[in-house]
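What follows is a single structure, written as structure tokens, with notes after it.
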Amino acid sequence: MITIDCHLHLGMVETQVPVWWMEELYGLYGVEDWESTDGQAIVDLLDANDTDAGLVQGGDIRRTTFHPDYPEESAGLIYIPNDWTAEQCELHKGRLYGVTCIDPFRDLPGAPIELERCVTKLGFRSMKLLPSYLHFDPGDPELDPLYRKALELDVPVHFFTGMTPTRTAMLKYGDPVLLDSVGRRHRDLKVIVFINYPWIDQCIALVAKHPNFYADMCYFAGGDSAQLYEVLSKFRSYGALDRVIYGTDNADKARAFDGVGKVPDLYYGVNKVAEERGGEPFSQDELDAILGGTAAKLYKIP
């Protein structure tokens with residue numbers, strides 16, 4: 001069985017991401033030991049969690065990121081280029097697979113071109129869009145050429161939804177309901193939805209409604225098996241369990257290296273919860289699919 005983490009971040013603090021942004025992003029959770037993350041750091045993370053491969057993303061949030069106390073550091077930062085992501089993947093072939101990161105409203109005509117370059121020249125397997133960070137409605141028809149290009153290339157579009165501590169992000173654009181129009185207009189487009197607070201049930205309903213929508217479960221990497229059991233049971237009740245994929249958002253670092261355990265163990269623990277509650281257990285095939293089988297097909301990873 002192959003295991004795949006669908007949600008991992010690259011980034012070098014100070015040169016690609018300013019310190020104040022890391023403080024703002026992680027301070028809410030009491031995290032103070034953030035550090036730079038290159039490809040080797042991600043591979044170490046995968047190894048510590050017995051995970052075979054990971055989808056790694058950079059990012060481009062230059063257009064909308066600003067801090068009044070650090071105006072000089074705001075300009076031009078929060079930029080981890082696709083080419084640098086490709087270099088990290090090349091250093092760790094078979095372990096890391098690239099995710100195209102685009103700010104589509106920096107260059108609307110150029111966005112589909114960049115996606116095609118990343119997929120056909122760099123071997124990237126999907127595209128990540130950040131509506132709340134980049135202040136756009138994902139259902140904006142101006143994005144249709146980009147979605148059509150993703151459909152043509154047969155790569156999924158991965159959306160950030162829900163809450164982020166980043167103050168410049170616009171929470172209203174993190175509402176997953178905005179993705180409904182994307183699914184209605186582009187019925188064959190493969191979409192990955194980050195299942196995130198405060199709209200967890202709305203995310204589940206959205207994935208259940210659209211047969212080509214998938215659920216990124218990285219939000220639950222910091223939780224417990226009881227919480228995970230409840231969410232997986234909802235997906236199963238809607239007939240959407242076969243479109244749930246495992247991710248960690250780098251959150252497995254704390255578990256792997258601080259002695260708490262491994263994120264995959266949360267999934268293996270759901271059947272203990274089922275037994276305690278007298279509920280229906282999950283089969284080994286279902287758990288194998290969540291932890292990598294479904295993602296392998298979605299991302300075309302051998």
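The values are calculated or read from the model by the stated rules, or taken from the named source; none is laboratory data. Not measured: the values here are computed from a predicted model. Neighbour counts run over all protein chains shown; Cβ positions are idealised from the backbone, glycine included.
Numerical summary
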| quantity | calculated |
| --- | --- |
| Matching option when the condition is of a type outside the set (D, E, K, R), under 24 Å from residue 29 (Cα atoms) and either modelled with pLDDT of 95 or more or under 17 Å from the mean Cα position of the chain (by Cα) (or both), among 146, 129 | 129 |
| Residue list for segment 149-168, restricted to those being assigned to a loop (DSSP other than H, G, I, E, B) and either at pLDDT 95 or above or within 20 Å of residue 206 (Cβ to Cβ) (or both) | 154, 155, 156, 160, 161, 162, 163, 164 |
| Any hit, segment 35-51, residues being in contact with a helix residue (DSSP H, G or I) (Cβ under 9 Å, 6 or more places away or on another chain), assigned to a loop (DSSP other than H, G, I, E, B) and over 30 Å from residue 288 (Cα atoms) | yes |
| Qualifying residues in segment 1-28 (those that are hydroxyl-bearing (Ser, Thr, Tyr) and under 19 Å from the mean Cα position of the chain (by Cα)) - the one farthest from residue 299 (Cα to Cα) | 26 |
| Filter result (at pLDDT 95 or above, assigned to a helix (DSSP H, G or I) and acidic (Asp, Glu)) within segment 263-287 | 275, 276, 285, 286 |
| Within segment 64-85, tally of residues that are assigned to a loop (DSSP other than H, G, I, E, B) and free of Cβ contacts under 8 Å to residues at least 24 places away in the same chain | 4 |
| Of residues in segment 86-114 being touching a Phe, Trp or Tyr at 6+ places or on another chain (Cβ under 9 Å) and assigned to a strand (DSSP E or B), the one farthest from residue 42 (Cα to Cα) | 100 |
| Filter result (of a type in the set (Gly, Ala, Ser) and surrounded by fewer than 17 Cβ atoms within 10 Å (Cβ to Cβ)) within segment 23-40 | 27, 30, 36 |
| Selection from segment 183-200 of residues that are in contact with an Asp or Glu (Cβ under 9 Å, 6 or more places away or on another chain) and within 25 Å of residue 8 (Cβ to Cβ) | 190, 192, 193, 194, 195, 196, 199 |
| Among (1) touching a strand residue (DSSP E or B) at 6+ places or on another chain (Cβ under 6 Å); (2) part of a helix (DSSP H, G or I); (3) not hydrophobic (A, V, I, L, M, F, W, C), the one test that residue 128 misses | (2) |
| Residue that is modelled with the highest pLDDT [pool: residues in segment 65-102 that are more than 21 Å from residue 128 (Cβ to Cβ) and among the aromatic types (Phe, Trp, Tyr)] | 66 |
| Residue match in segment 167-177 (condition: in contact (Cβ under 8 Å) with a residue 40 or more places away in the chain and of a type in the set (Val, Ile, Thr)) | yes |
| Unique residue being at pLDDT 95 or above, outside any helix (DSSP H, G or I), under 27 Å from residue 154 (Cβ atoms) and in contact with a strand residue (DSSP E or B) (Cβ under 7 Å, 6 or more places away or on another chain) when the list is 290, 301 | 301 |
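Residue by residue, here is whether (1) in a strand (DSSP E or B); (2) at pLDDT 95 or above holds:
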| position | (1), (2) |
| --- | --- |
| 211 | no, yes |
| 214 | yes, yes |
| 249 | no, no |
| 254 | no, no |
